């Protein structure tokens, strides 16, 4: 039917979206921002309030493995991930729509678990579950979430506002969910290799790694950071949430802002458990922090003049600064060496990946 | 993991949604209507405008078969189906978000086709494509669409406003898409039975059935009906679009309005081609019109006093009237016999169905 066949992997997820949405003109006066940020932005008010919308799709076998993902956690995470996109615009999530396609083996009780997680997350963030679609799937579970939020126009933070000399900040710590995933994948492999064998079954080795598993299975959208920034009177110049890895997200901000950046390896926030697990798996912990996905922390930039104010906010760390575009995206290693930051974050459309990294 | 296992088929799609969303309290003042209508309704304005949101999920092998569904048509239909939900609230669609999960064999060119259909539908209805998500799938294609629209508060029509003696109206004609599906399924079976055999290959027999195939593959959301109702000064008392079959949709309106209804078999609008094809397939054409899905026509009720005005609207037919609830839902056959209307529309979660009906 088609005269040519270009593998999607050659474009990658963002290349594909850019390609497919190229040249779309916005027709409605209400539509202020279309494709290209954490949320679309609409003016349904005519005064100062804006409506924000974001959507995400989660596929079994790609985004989650039901072998080690309890359905309640899956629902909770699916909601949090979308709230995170609204917070990343400096907005407040208000409504959630959930579409679920389920295979034959899924029971009503299993769906109740999924919804219990969704509803818990909604309750915690004051969000109304207002609709969706429930249908069947020939194969695995598919979940699509749409979150609607609001923000005052003057509060909205896009990805494209970073300026030369701005400070680059991240909340929390990075790479922990990625290490949690490595642990789960290893335990799954151990479990599968024991299937059908007689004798004792090894119990999963999770002791001391609870934090990493929690980061993977139960992420928390950082409303607290948004609230604390507001209390401190700080409006970031650019912001997004870290879902595909710090390195990939920095590329988005720098590309859209027309800047470069320098970040310092020694400043990248890591949890102790992340470092221990990385050593155990013989992985470079900085690589995990830069390219592991599923952190759902906030990455933002603030003017240099706000250095003191931002440094006083709990759980926020300055990791570098924005530069002129010609300086590129640089990582300054502990030994002072300079490396180009590559956007090799998790790409679910890349040929080689069927799970993270 | 779960102590009990209840098959989802025992609840059905709507039973499942009711069950899972039971007892959800709306927390935000902006949320006016949650689960249970064609769209959720929000007040992001404080004056008279309302924001409408609807979402739909389409799964390969359940909602479409790529063997006979060109991707451009699939994109077009996916968008139209969501516009239809907004029109069914008497609103205007404004923004669309599209999430797509694709398997390995899908090329960039195939995705371009899908988006060409989405963009064409958006252009025709003045809708902005503002975002979405693109990811991979281990198996088939999954599409999730979210449409945002607007309406003045006093114009919105819910499903729950039908009153005793109101007239029941439908636009267009019914059952054609269902017959189109039967033709496509038959041609697919013929095609597959010829695979690998030598000799001549029969060409698909589509001549004279173009309209039925178009109804299946290229439905048009009925903006014209909404516009003509407005011009005629008619505001329906209840309205929804017919996606799962007239019978099923009448059950929704009567249940939510607390009424019964009587519709007349001889008044159900049918296209000539639908009747011919039903005879060819040895199917009862009324059953097809009542229970076939994918019509995307509008079903609405108007006060009896507007009989003359509504009768003058192009392509709208009065098929019966609303009754007191104790009279139930009745179909009056051509011979005067009375039958109970059963909601046996297309149920994608029912055990026996893997395609329509």
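Each value in this text was obtained by applying a stated rule to the coordinates, not by laboratory testing. Model, not experiment: these values are computed from the prediction. Methodologically, a virtual Cβ is constructed for each residue, glycine included, from the backbone with ideal geometry; neighbour enumeration extends over all protein chains shown.
May I ask what percent, to the nearest 5, of DSSP beta bridges between residues of the range A:27-155 are antiparallel?
The antiparallel proportion sits near 75 percent.
In angstroms, what radius of gyration and Dmax does the range A:221-262 have, counting Cα atoms only?
11.9, 30
For chain A, modelled as a Gaussian network with Cα springs under 10 Å, which listed residue fluctuates most, A:259, A:305, A:286?
Greatest mean-square fluctuation among the candidates belongs to A:305.
Distances over 15 Å make up what percent of all Cα-Cα pairs in the range B:67-133?
52 percent
Between B:291, B:28, B:82, which gets the highest mean-square fluctuation from a Gaussian network model of chain B, Cα cutoff 10 Å?
For chain B, modelled as a Gaussian network with Cα springs under 10 Å, the answer is B:28.
For the residue pair residue A:4 and residue B:47, what label-to-label distance in nm results when each label sits 7 Å from Cα along the Cα-to-beta-carbon direction?
Rounded to a tenth, the inter-label distance reads 5.0 nm.
Got the residue A:192 label distances to the other copies yet, label 7 Å along Cα→Cβ, in nm, shortest first?
In nanometres, ordered from closest: 3.0.
Residue B:18 versus residue B:194, label points 7 Å from Cα toward the beta carbon: distance in nm?
4.7 nm
For chain B, with equal point scatterers placed on the C-alpha atoms only and solvent neglected, what are the log10 I(q)/I(0) values from the Debye formula at q = 0.06, 0.10 1/Å, to two decimals?
-0.23, -0.64
List A:62, A:24, B:242 from most exposed to least, where exposure is judged by having the fewest other Cβ atoms within 10 Å.
The most exposed by this proxy come first: A:24, A:62, B:242.
In whole Å and largest first, what semi-axes does the C-alpha gyration tensor of the protein assembly as shown yield when each eigenvalue is scaled by 5 and square-rooted?
Largest first, the protein assembly as shown gives 47, 29, 24 Å.
At a Förster radius of 51 Å, what calculated FRET efficiency corresponds to the Cβ-Cβ distance of residue A:326 and residue A:109, to the nearest 0.05?
The computed FRET efficiency comes out at 0.30.
Give the order of B:6, B:301 when sorted by the count of other beta carbons within 10 angstrom, beginning with the fewest.
So the residues, fewest neighbours to most, are B:6, B:301.
Within the P(r) computed for the range B:82-217, what percentage of the Cα pairs occupies the region above 18 Å? Walk me through the numbers before you get to the answer.
Values: 6624 of 9180 pairs.
The proportion of pairs with Cα distances above 18 Å equals 72 percent.
With a cut-off of 8 Å between alpha carbons and a minimum separation of six or more residues, what is the relative contact order of chain A in percent?
Result for chain A is 21 percent.
List, shortest first and in nm to one decimal, how far the label point of residue B:165 (7 Å from Cα along Cα→Cβ) is from its counterparts in the other copies.
Sorted ascending, the copy-to-copy spacings read 7.7 nm.
Which order results if A:224, A:294 are arranged by neighbouring Cβ count within 10 Å, fewest first?
Fewest to most other Cβ atoms nearby, the residues stand as A:224, A:294.
Have a look at B:207, B:189, B:88 and tell me which one the Gaussian network model of chain B (Cα, springs below 10 Å) gives the largest fluctuation.
Of the options given, B:207 has the highest mean-square fluctuation.
What does the copy distance list look like for residue A:120, label position 7 Å along Cα→Cβ, in nm and ordered from shortest?
Output for residue A:120: 4.7 nm, nearest copy listed first.
I'd like the FRET efficiency for residue B:69 and residue A:232, computed as 1/(1 + (r/R0)^6) with the beta carbon distance as r and R0 of 56 Å, rounded to 0.05.
0.55
Between residue A:206 and residue A:120, what FRET efficiency follows from the Cβ-Cβ distance if R0 is 30 Å, with the result rounded to 0.05?
Computed FRET efficiency for residue A:206 and residue A:120: 0.85.
Once every DSSP H run of n ≥ 4 in the protein assembly as shown is given -39500 (n - 2.57) and the sum is divided by its residues, what mean residue ellipticity at 222 nm do you get, rounded to the nearest 500 deg cm²/dmol?
Computed mean residue ellipticity for the protein assembly as shown: -9500 deg cm²/dmol.
Rg to Rh for the range A:10-85: what is it, with Cα atoms only and Rh by Kirkwood?
1.08
Tell me the Rg and the Dmax, in Å, that the Cα atoms of the range B:8-155 produce.
For the range B:8-155, the Cα-based Rg and Dmax read 16.7, 49 Å.
Over the whole of B:103-115, what's the average partner chain Cβ count within 10 Å per residue? Rounded to a whole number, please.
Neighbouring Cβ atoms belonging to other protein chains average 5 per residue here.
Find the centroid of the Cα atoms in the range B:88-139 and in the range B:227-287, then give the distance between the two in whole Å.
28 Å
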